[in-house]
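Read the structure below first, then the notes.
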4 protein chains.
Amino acid sequence: MIDTPVIVLNVKTYSEATGSNALELATLMDKISKETGASMAIAVQATDITLCTEKVDIPVWAEHIDPIKPGSHTGWTLPEAVKTAGAVGTLINHSEHRLKLADVDLCITRAKELNLDHIVCSNNVSTSKAIAAFSPNFIAVEPPELIGGDISVTTADPDIVSNSVKAVKSISKNVKVLCGAGVKNGEDVSKAIELGSDGVLLASGIVKAKDKESVIRNLASGL
Amino acid sequence: MIDTPVIVLNVKTYSEATGSNALELATLMDKISKETGASMAIAVQATDITLCTEKVDIPVWAEHIDPIKPGSHTGWTLPEAVKTAGAVGTLINHSEHRLKLADVDLCITRAKELNLDHIVCSNNVSTSKAIAAFSPNFIAVEPPELIGGDISVTTADPDIVSNSVKAVKSISKNVKVLCGAGVKNGEDVSKAIELGSDGVLLASGIVKAKDKESVIRNLASGL
Amino acid sequence: MIDTPVIVLNVKTYSEATGSNALELATLMDKISKETGASMAIAVQATDITLCTEKVDIPVWAEHIDPIKPGSHTGWTLPEAVKTAGAVGTLINHSEHRLKLADVDLCITRAKELNLDHIVCSNNVSTSKAIAAFSPNFIAVEPPELIGGDISVTTADPDIVSNSVKAVKSISKNVKVLCGAGVKNGEDVSKAIELGSDGVLLASGIVKAKDKESVIRNLASGL
Amino acid sequence: MIDTPVIVLNVKTYSEATGSNALELATLMDKISKETGASMAIAVQATDITLCTEKVDIPVWAEHIDPIKPGSHTGWTLPEAVKTAGAVGTLINHSEHRLKLADVDLCITRAKELNLDHIVCSNNVSTSKAIAAFSPNFIAVEPPELIGGDISVTTADPDIVSNSVKAVKSISKNVKVLCGAGVKNGEDVSKAIELGSDGVLLASGIVKAKDKESVIRNLASGL
């Protein structure tokens, strides 16, 4: 499993992180991770997994897997396919890609079968606790109303982080908790860790930044 | 646009066509297409597009695009991403990946904007006709109950093919029609063309075949 | 089939039109329809269909049907159930309840089998044209960005109305066209008819009005 | 909250339980419940709630609620609407109507706000445990592969029942557990209770029975 505390970047489907732009970002994170020793991973679009895994050493993840096995599932994301492409982990149930409860269970099972690290996203304390019942690697709590915004969850709603950590650990001590939404700098990262989390999941804070390198270095300084 | 009559292979999420297996199949079709002059395309999983486009000359397609523009759409299939990865076309609304009506419209619009060839799948004559109103490149009619089966649509329900051709052409003469479901050999292909279609869309007939090469050659003989 | 030109009210799931409030609104429309001779229908929540049909003479419609037949479909809206409850028509594919293309086809088929009047909602000219291929009773074009707004579609985008009428009639002369979004008064209604439509579909314009009676009378004056 | 042990009938969208047929079934259960003292509830289609609540004393439930508040949600099932129609409870997340994880949370919250009894359906032990984190009134575990079948879950997979009870109680002692799938007679009911559950949820076992009265009496004898 990936080392913690960790900074996980989800590049979504931003133009700034599609194709060669995704590779450029992955390369930059790889360099900074090596220089600083900070644990980092990047989740990229399915089309860009091989492109990145061939060139960088940091863990490359998928942004999503579907609750399926090999077979007749045209256009869906097969867990085996992202693994074969080189991904070593995946996001599950991101707020922009919510799954049915039974499918969250199935995706976690499939990720475990394939030895894929996995972060299951939740929107509040009670869903964090519910997800913990499935014993995933990681749960990332992200209040939907703060995603993509200017204020970090660690400032806007620190209780959701500390209470998610408490709720998750009450179910399963081995599950690690990340937090996300509005995270932008090292101070947000260190606050996240103070609140009991094992790191952050972020997207636009890096992808949309003008000077990506200095933002990533600043984030890393908070670990 | 791809030449017609055409044989389009959708490899779905079969193990036999994931990762290096997808490349092997694409390479085989590429070879036979060059030898026979038969027009062929292969639709592969998003993870395998670059892998294939770097090595073969036949058109490589995506199996699906989502009705989105670049932005916050974690884990969905961005049309720009499949284009950047090297795909020159895409399936839309496959029977295993049905879209809402308004999203069929939007996906076709996005495919046109990006100059991606596109096959929109329909399940019967009336939906074929409805889709024709959007003036896509291709419509592929595939009766769901025959997909993956042993009897070709051209034998089991020839009227659905000829009537789809008629219905589509009554709306827009430039839209080409393919047919699929149960297609397995050259006879099925030549019957499809006799019925007025411009080719076939198939999957398990090739992917699940023991001797893929002889099946593809046999199919090509029907053009 | 309901007489045209017609005013169809969709009460959605507003508090102001749930339970006895729905009945009050239906009763008011019934009274005004009888006094003025204006053709009107009201689409109410499934729970309120019987409540209204037992007390009023204007047509009571369902807001939605699911693409199903009697059987194992817990919690979905069975076309036979809304018919049995007294509904004589239904909306299909409302912008807040979009259906897959194949399901739009199936819902229209089911409505015809049960002799239910039906309005299929579209979001633009091309989807209006596509829906026309299924020969429904009515198509209602409603640009999503104008729904619930202050400016009537007939003012904000009159071309979408006249072009939908043209596109629909080019496919099937018998299909009638309504328009909706932002419709609030008699002037909007008469403009809708001038543009070639057979009436209007509206919601908040009536449901959220302080003086519902005067708004309904004003709308009726535009027929 | 409804008394336990309890027999809850879900009539789905069967013809045999639509409109007056639903009322007939509710009346029969009402009679037998009064005669035997057995606690029973019936979940009916939204269209039939008022019809039943006006005539019977046993609790009438909705089959589903959507995760919404009053507003613009055309054709969806508003919790307030089923309450206003007379329902005192609802199923949530039935295997034929699965919800996204965040929506399971929201539906339970809405049911509690409106003081609606609620049974949240699960498909296995781990989802039962996950749902327990939301502290609903009831969880009903129903293995999907046994639903509608001839063998009762209590015979085919007794461990799923006892292990769900254990898992749920480990999270929250106040949550009651039902079981379902293939339940057909009093012996199945008494076995369900022996296994630690608080009753059964069933559908076709009653609805599809030729002699509904004797089946219901037989089931009641197992409490």
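The values are calculated or read from the model by the stated rules, or taken from the named source; none is laboratory data. Since the structure is predicted, the reported quantities are computational estimates derived from the model, not experimental observations. Using ideal geometry, Cβ is built from the backbone for each residue, glycine included, and neighbour counts are taken over all protein chains shown. Just so you know, the surface numbers come from the protein's heavy atoms only, side chains and all, with ligands and any DNA or RNA stripped out. Shrake-Rupley method; radii C 1.70, N 1.55, O 1.52, S 1.80 Å.
Structure summary
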{"read-out": "Check: the protein assembly as shown dipole with +1 on Lys, Arg Cβ and -1 on Asp, Glu Cβ, in debye", "value": "0 debye"}
{"read-out": "Cut-off 20 Å (backbone N to label point 7 Å along Cα→Cβ of D:Met1), residues of the stretch A:127-147", "value": "A:127, A:130"}
{"read-out": "Nonlocal amide H pairs with D:Gly89, under 5 Å, H built at 1.01 Å", "value": "D:Ala62, D:Asp117"}
{"read-out": "Taking the stretch C:1-154 and dividing mean pair separation by its residue count, relative contact order in percent (alpha carbons under 8 Å, at least six apart)", "value": "16 percent"}
{"read-out": "Cβ charges +1 (Lys, Arg) and -1 (Asp, Glu), total dipole of chain A, debye", "value": "400 debye"}
{"read-out": "³J(HN,Hα), Karplus 6.51/-1.76/1.60, whole Hz, each residue of the stretch C:209-223, x for Gly, Pro", "value": "6, 5, 9, 4, 4, 5, 5, 5, 4, 5, 4, 4, 5, x, 5"}
{"read-out": "For A:Ile139, residues with placed amide H under 5 Å, excluding near neighbours", "value": "A:Val120, A:Lys176, A:Val177, A:Leu178"}
{"read-out": "FRET efficiency for A:Ser172 and C:Ser190, using Cβ-Cβ distance with R0 set to 60 Å, rounded to 0.05", "value": "0.40"}
{"read-out": "C-alpha center-to-center spacing [the stretch B:167-221, the stretch C:108-175] in angstrom", "value": "35 Å"}
{"read-out": "Global geometry of the protein assembly as shown, whether rounded, prolate or oblate, following the gyration tensor of its Cα atoms and the 1.5 cut on a/c", "value": "rounded"}
{"read-out": "Gyration tensor verdict on chain C (Cα atoms; rounded if a/c is under 1.5, prolate if a/b is larger than b/c, oblate otherwise)", "value": "oblate"}
{"read-out": "Fully extended contour minus Cα-Cα distance, from A:Arg217 to A:Lys31, at 0.36 nm per residue", "value": "65.9 nm"}
{"read-out": "Chain A Cβ-axis minimum, rotational copy B, residue and distance in Å", "value": "A:Ala46, 2"}
{"read-out": "Distances in nm from D:Arg217 to the matching label points in the other copies, shortest first (labels 7 Å along Cα to Cβ)", "value": "6.2, 7.4, 8.5"}
{"read-out": "Per-copy distances of the D:Asn115 label point, shortest first, in nm (7 angstrom along Cα→Cβ)", "value": "4.5, 5.7, 6.7"}
{"read-out": "The stretch C:33-38 - phi-based ³J(HN,Hα) in whole Hz, Karplus 6.51/-1.76/1.60, Gly and Pro as x", "value": "4, 5, 5, 9, x, 6"}
{"read-out": "Residue-normalised accessible area of chain D, given per residue in Å² at a 1.4 Å probe", "value": "34 Å²"}
{"read-out": "FRET efficiency estimate (nearest 0.05) - Cβ-Cβ, B:Lys210 to A:Asp57, R0 35 angstrom", "value": "0.30"}
{"read-out": "Computed [θ] at 222 nm, helices only, for chain B once each DSSP H run of length n ≥ 4 contributes -39500 (n - 2.57)", "value": "-11000 deg cm²/dmol"}
{"read-out": "Integer Hz, Karplus 6.51/-1.76/1.60 couplings in order for the stretch B:74-87, x for Gly and Pro", "value": "3, x, 8, 9, 6, x, 4, 5, 6, 5, 4, 6, x, 5"}
{"read-out": "Fraction of beta bridges assigned by DSSP in the protein assembly as shown that are antiparallel (%, nearest 5)", "value": "5 percent"}
{"read-out": "Fluctuation leader among D:His94, D:His64, D:His73 - chain D, Gaussian network, Cα springs under 10 angstrom", "value": "D:His73"}
{"read-out": "Inter-copy spacing of C:Glu54 label points, which lie 7 Å from Cα along Cα→Cβ, given in nm from shortest upward", "value": "0.1, 7.1, 7.1"}
